[in-house]
1. In terms of modelled amide H atoms, which long-range or inter-chain residues lie less than 5 Å from the amide H of A:Thr517?
2. To the nearest 10 degrees, how steeply does helix B:147-163 sit against the main Cα axis of chain B, on a 0 to 90 scale?
3. Given an 8 Å cut-off on Cα distances and at least 6 residues of separation, report the relative contact order of chain A as a percent.
4. Given the rule -39500 (n - 2.57) for each run of at least 4 DSSP H residues, summed and divided by the residues of the protein assembly as shown, what is its mean residue ellipticity at 222 nm, to the nearest 500 deg cm²/dmol?
5. Not counting ligands, DNA or RNA, and with a 1.4 Å probe, what is A:Val78's accessible surface area in Å² rounded to the nearest 10?
6. Going Cα to Cα from B:Lys177, which lysines come in below 20 Å? Please leave out same-chain ones fewer than 8 positions away.
7. What does the structure give for A:420-433 when I average, per residue, the other chain Cβ atoms found within 10 Å of the residue Cβ?
8. Applying 1/(1 + (r/R0)^6) with R0 = 45 Å to the Cβ-Cβ distance of A:Leu304 and A:Leu464, what FRET efficiency is obtained, to the nearest 0.05?
Amino acid sequence: MKRFAALFTVIDQTTRTSAKVAALADYFATAPDEDKLWTIAIFSGRRPKRAVTTTRLRDWAAEAAGISLWLFEDAYAVVGDLAETIALVLPPATGSADDSLSFWINHLRDLGDSDDEARKVAVLAAWDRLDTTERLVFNKLLTGGFRMGVSQKLMTRALAQATGQPEAELAHRLMGNWSPDTTSFATLIEADDPAADLSRPYPFCLAHGIDDLDALGPVTDWQAEWKWDGIRAQVIARGGALHVWSRGEELMTDRFPELARLAGDLPGGTVLDGELVAWDGTAPLPFAALQKRITRKTVPKKLLAETPVILLAYDLLEAGGADLRATPLQDRRTAMDRMLASLPPDAPLRPSPLIAATDWDSLRAQRGTARQMKAEGLMIKRLSSPYQVGRKRGDWWKWKLDPLTVDAVMIYAQAGHGRRANLFTDFTFAVWQGNDLVPFTKAYSGLTDAEFGQITRWVRQNTLQRFGPVRQVTPHHVFEIAFEGIQESPRHKSGIALRFPRMLRWRQDKTVDQADTLDHLREMLAQYG
Amino acid sequence: MATPVLTLTDRGLYCAAGDFFIDPWRPVDRALITHAHADHARPGHRRYLCTDACMPVMRHRLGDITGDTIRYGETRRIGDATVSFHPAGHVPGSAQIRVEVAGEVWVVSGDYKTEPDGLCEPYEPVRCHSFISECTFGLPVFRWQPQTIVAAQINAWWAENAAQGRVSLLAAYSLGKAQRLLHLLDPAIGPILTHAAVENTNAVLRAQGLALPDTIRITPELDRKAHPGALIVAPPAVLGSPWARRFGPLSTGFASGWMQMRGVRRRRAADRGFVISDHADWAGLLEAIKATGAESLYLTHGYTEIFTRHLRESGHDAHVLATEYGGEDGDDGPDTGDAA
């Protein structure tokens, strides 16, 4: 644990990516295999199961610190991080421990099988043997929320440095269905056959945003598609089984039972990349419809009938068991179209259509119709490009529509968490309905740290009322709220729900009476909903 | 019940018996000042009274003010009140102010810390009936390490930077924290450079006998590349500024009690956060309050509501006092108070 805590400290103390990678690479070069495997698991979102509820942890921490639970909770509200709050309020440790990361993780997992009293004794004993940083790490492992400024990509780069293996191959090895219980460091990282696992997806190729197409050269070098507002997914048909992976590396096969038949429809050894969308027979349904499906692990028949899901496929990564990623996009596309043409017409899979264009201006015009097409904009992909690993600049571009915007009044504020602890960053906005301000959305992002600091001071001085952590503030500040879509929502007081709302600008030049009205939002709903 | 010794007015804490204010935030006729930080020592009062160790810095900051000085422990009669100043351990010259009227004793803590820092006059508990205490760090998550440990962390960071050819930039408030850090630095590691705002304060404090290590003032003429392995002490405002970038490859550090919280540390965009404060931590506040033996407690500047509730729960007669030091709300501070 000391080695891992030291790694945590170095990473926490720097904002330099190169320093983070160096510290990780050093860790991978020196830590025991079992610890390395767990470290990889933790940084790729494969955390040990939570053995203790956070409610119990709060009780125990307050008790050990000799403070009331409300005081602990108030301190937590200020610190904004439960694991850290616990680490800080506890009295200094009376002992120390030299055990490894894996030891502590196994120790935590054993707790899952014991009763509450035994868990408490074990956790208190652990806290008493760890210093503040080790406690923080331990608590993060306990509570399961491990985010410390290291992305999977950064971790993979460090692992590549430490092992001498190419980054792209490592990225592929780390994909899919493994956990430290089902593999070893040697099998996962060093074994000869990286494709041993039939369910393993490829690392997703990701696009950068673009505003100016003139730099892209002749339009004939490019392929254009609609940018769908669904769930990016790989559908894998291998060995008679079907697997569906999200971009967040979540296995979603069971959530979409209608796709199961593709195991038979598709030839063996096929991997398709595309977008899962709820489908009304001719066009995608709003994202809200798909959302109902994502949250269900098992799907009721009625919901399955109302919001059937299909894959709009746009890339073929594997055919006949062969990795096609190095093949140019236009050839992959041709092969995909040929494969999909032979599918039964009722298969829950269709090619995402290509958009023909002879010049950039005609694409510009077509992009303008994206909302009618139920799309967010266009994807522009270089015809000659391979399927890259991760977000590489140059071949794939997303060309999104300008967001819709509305001027709204801030009426409630709440402090954020983590890096934004102690800062008011979560706001509720309202528009006018007659003389009333009707709340219609929340937004958390879009301002600079300096602006959040400024608004935080203002909120403190202009609080009208407190509802727990939420403060009602004087209606005074107007913000331009940007969003990608608008839908009807009976669950909201305003009757509407926005997609991806965020603060585009703080309109200090506007007064509250210049904010928009609910009628204006309803007009937008009629036009774009 | 008789008039309280001190009452809160829109101009600040007021003593009717002596017709004076303590650390007022609007201009008054007579102001008793606990220490020279800007939220306590404001310009525009007709007459000032502070410790003799506080006056030079206050003159340096406020210009040609009119006023008297007083030694620690000396008593002075003002109207029907008797006042005396006692070390607060916050910054050089800082004081708690004791006010006695007809046998009733009140103490205004100003800002204070209980750990002796080896530089300013160490904090002294003063017995009283009513204690007006700051509580900037009045939450149980604030627990300071002994300053020798923090000093070792800072010196190790500096030495490592020097070895790697980087200049160290340590951000700290120019009065108090900067000198405390200078006092903790190991001059054997390399040269110490100071921003003009820090060095001007150093000059005032050196003139009154404060022992600080040798420093080099940063002027426009200074050859910035001529001091490899240097450590710069500068106010927090220079972090990320063009002024700082001209020194070449830098590692930045920020020294403040707020650095205890990881969220604030990350937001500050400094490479390192050193947890060191000139305010009392949670245990220090409780210890100080206990040592006064006060029957009534008034809490200002910090997590007042939370801290007051905790004190009440422990059987104290405690009240929130809404002053204008820092902010009146409990969670004000980490991004507004550089002094902490």
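The values are calculated or read from the model by the stated rules, or taken from the named source; none is laboratory data. These figures come from a predicted structure and were not determined experimentally. Cβ coordinates were reconstructed from backbone atoms using ideal geometry, including for glycine residues, and neighbour counts include every protein chain displayed. For accessibility, only protein heavy atoms count, side chains too; no ligands or nucleic acids. Shrake-Rupley method; radii C 1.70, N 1.55, O 1.52, S 1.80 Å.
1. Under 5 Å from the amide H of A:Thr517 lie the amide H atoms of A:Trp432, each far enough along the sequence or on another chain.
2. That helix lies at roughly 20 degrees to the long axis.
3. Numbers: 914 pairs, mean separation 63.8, N = 529.
Contact order relative to length: 12 percent.
4. About -9000 deg cm²/dmol.
5. 10
6. B:Lys113
7. Values: counts 3, 8, 10, 6, 1, 0, 0, 0, 0, 0, 0, 0, 0, 0.
Rounded to a whole number, the mean comes out at 2.
8. Plugging the Cβ-Cβ distance into 1/(1 + (r/R0)^6) gives 0.45.
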